[in-house]
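The values are calculated or read from the model by the stated rules, or taken from the named source; none is laboratory data. Please read these numbers as outputs of a predicted model, since none were measured by experiment. Neighbour counts are summed over all protein chains in view; Cβ atoms, including those assigned to glycine, are modelled from backbone coordinates with ideal geometry. Side chains are part of the model used for accessible areas, which takes the heavy atoms of the whole protein and leaves out ligands, DNA and RNA. Shrake-Rupley method; radii C 1.70, N 1.55, O 1.52, S 1.80 Å.
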Amino acid sequence: MSEKLCRHEIEDLIGKIDGFIAGDRSEENLEAMRQASNSSWPEIQKYHIERAAKDARNEGDPFDPFYTTDENGAQTLNACPDSWWLRNFSRSDVLLELPGVVIMNTKPWHIRSVCNTLWDAYGLAEDSQDSVTEIATAAHVGETPPATVYGTSGDFARLMQDMPVGAIFRTIGFMSTSADPAVAAQFSRVRVAKSENWEGCFDERDILAHIERFPEGQFAAQRISGPTAGNCVGMATTMRTSRLPTAPILSWREAIGDMTLAAHEPDGDWLYGVELAVHPMYQRHGIATGLYQARFELVRNLNLLGWYAVGMLMGYTNHALDIVYASLEGEQKAIFERLLLAIEGEAIPVDERREAQARLLSSVPRYSDLMDVTEYGNRVIAGQIKDPTVTMQMNRGFRAERVITDYVDEPAAGNAGVLIVWENPDFVEKGA
């Protein structure tokens with residue numbers, strides 16, 4: 001984890017960033033840009049916010065929007081797009097750092113974007129434009145605005161959208177926007193799930209209940225730099241249980257009790273993996289790995305026996321390309337490889353590539369057409385088939401035990417998963 005930066009170090013970073021923006025592309029200045037983008041944005045932002053408020057002789061909370069008045073009596077509302085999360089952010093809460101992202105225990109102010117991530121990962125969300133006036137009102141009555149995706153409307157938003165990362169640093173801190181509080185409010189676009197699709201997927205009230213029951217077992221991957229800083233792009237939910245992984249495995253709903261994790265046992269000796277999701281736009285960036293690492297560390301810190309879960313067989317309805325490939329010989333295999341290269345490469349235009357991919361996949365059976373889900377799961381456990389979820393979990397150190405059918409309603413996985421177990425190598429017997 002990054003050490004807390006002192007004032008001198010922050011000012012030195014800002015000076016180098018200003019030099020980079022002014023055209024001095026020295027390696028030293030470039031490294032300052034990298035450090036700011038990857039890790040130090042919150043400290044730089046807070047410095048600008050507090051300094052701007054001080055320069056304006058604002059005696060209130062520096063993170064609140066405030067008015068300044070010019071010599072003609074015209075008022076301008078000054079606001080920073082990151083204030084809503086920076087007032088809550090503390091480096092001491094960070095469990096793990098990734099470039100531009102931190103893993104933290106989920107806080108109440110994370111809840112909206114944790115749900116956005118979960119809903120988008122499951123394809124449940126639809127666009128919804130919150131009223132700017134409502135957001136302005138919320139800001140003025142002291143409520144934390146919803147987790148927001150900035151850069152969607154208004155001049156300031158367009159500025160943030162079109163500006164190179166380097167130039168953003170030149171204008172961060174308090175930004176003069178407009179004398180109209182409704183227009184000057186923090187522009188946002190939030191994602192909301194269709195209520196009829198909520199069944200089986202956590203909502204905001206559920207996530208808050210999880211935090212209240214087991215705060216150290218809930219995790220959020222939060223962006224800390226760029227126009228969308230403050231939003232969560234990954235989440236994980238866990239609970240404690242005294243039910244052994246050798247006992248008959250309950251269905252997901254039975255195992256957790258209800259959507260508020262009523263089955264959580266504060267003194268349970270095992271961690272139970274309830275949910276993990278990474279926003280589709282941020283997958284394959286190490287975020288899931290970071291969430292796994294944070295939970296491994298939790299098991300060690302609580303001195304639990306281990307951690308188990310049921311990894312869903314999310315590849316069951318995928319096209320069985322590896323099986324088809326294994327059945328080909330000679331020239332057939334060579335043709336198949338060339339077609340795959342053409343599809344994945346840039347040798348043909350995107351539209352033609354997609355059309356070729358669709359033709360190829362239309363002639364390839366799905367795993368679900370070739371075998372039942374139990375056989376598929378057993379072949380994944382044996383390493384004969386790579387499943388996008390369970391194989392990844394096995395590669396992270398989990399031991400795959402057996403296929404669990406009828407675990408949860410998930411058609412893509414044939415409603416089935418694999419029991420995965422990780423035993424804590426650092427466990428110490430109580431009283432030893």
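Values for this structure:
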item	result
Residue match in the stretch 405-417 (condition: surrounded by fewer than 21 Cβ atoms within 10 Å (Cβ to Cβ), farther than 25 Å from R253 by Cβ and not hydrophobic (A, V, I, L, M, F, W, C))	no
Near pairs, Cβ below 7 angstrom, 6+ apart or cross-chain, from the stretch 292-311 (of a type in the set (S, T, N, Q)) to any residue that is not in a helix (DSSP H, G or I)	Q293/L96; N303/F427; N303/V428
Number of positions in the stretch 1-17 that are open to solvent by 30 Å² or more (accessible area, probe 1.4 Å), under 22 Å from L96 (Cα atoms), modelled with pLDDT of 85 or more and of a type outside the set (D, E)	1
Count of residues meeting criterion [of a type outside the set (A, V, I, L, M) and more than 31 Å from the chain's Cα centre (by Cα)] in the stretch 52-82	16
Set V403, V418, V408, V428: member being outside any strand (DSSP E or B), closer than 10 Å to M312 by Cα and of a type in the set (V, I, T)	V408
Candidate set from the stretch 273-305 (those that are open to solvent by less than 50 Å² (accessible area, probe 1.4 Å) and at positive phi); member that is modelled with the highest pLDDT	N303
Matching residues, the stretch 81-100, being surrounded by fewer than 24 Cβ atoms within 10 Å (Cβ to Cβ) and in contact with a helix residue (DSSP H, G or I) (Cβ under 8 Å, 6 or more places away or on another chain)	S83, L86, N88, F89, R91, L95, L96, E97, L98, P99, G100
Verdict on P248 being out of contact with any His (no Cβ under 8 Å at 6 or more places or on another chain), outside any strand (DSSP E or B) and touching a residue at least 12 places away in the same chain (Cβ under 8 Å)	no
Unmet requirement for Y67, which otherwise passes all of (1) open to solvent by less than 60 Å² (accessible area, probe 1.4 Å); (2) modelled with pLDDT under 80; (3) among the aromatic types (F, W, Y)	(1)
Filtered residue count, the stretch 71-113, keeping only those that are more than 30 Å from G217 (Cβ to Cβ), polar (S, T, N, Q) and touching a residue at least 40 places away in the same chain (Cβ under 8 Å)	3
Near pairs, Cβ below 9 angstrom, 6+ apart or cross-chain, from the stretch 41-70 (of a type in the set (S, T, N, Q)) to any residue that is part of a helix (DSSP H, G or I)	Q45/S83; Q45/L86; N58/A52
Some residue of the stretch 221-233 being at pLDDT below 90 and either loosely packed, with under 15 Cβ neighbours inside 10 Å or under 22 Å from Y407 (Cβ atoms) (or both)	no
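Residue-wise test of (1) closer than 18 Å to Q393 by Cβ; (2) aliphatic (A, V, I, L, M).
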| residue | (1), (2) |
| --- | --- |
| A262 | no, yes |
| G268 | no, no |
| G273 | yes, no |
| L276 | yes, yes |
| R284 | yes, no |
| I287 | yes, yes |
| L291 | yes, yes |
| F296 | yes, no |
| N303 | no, no |
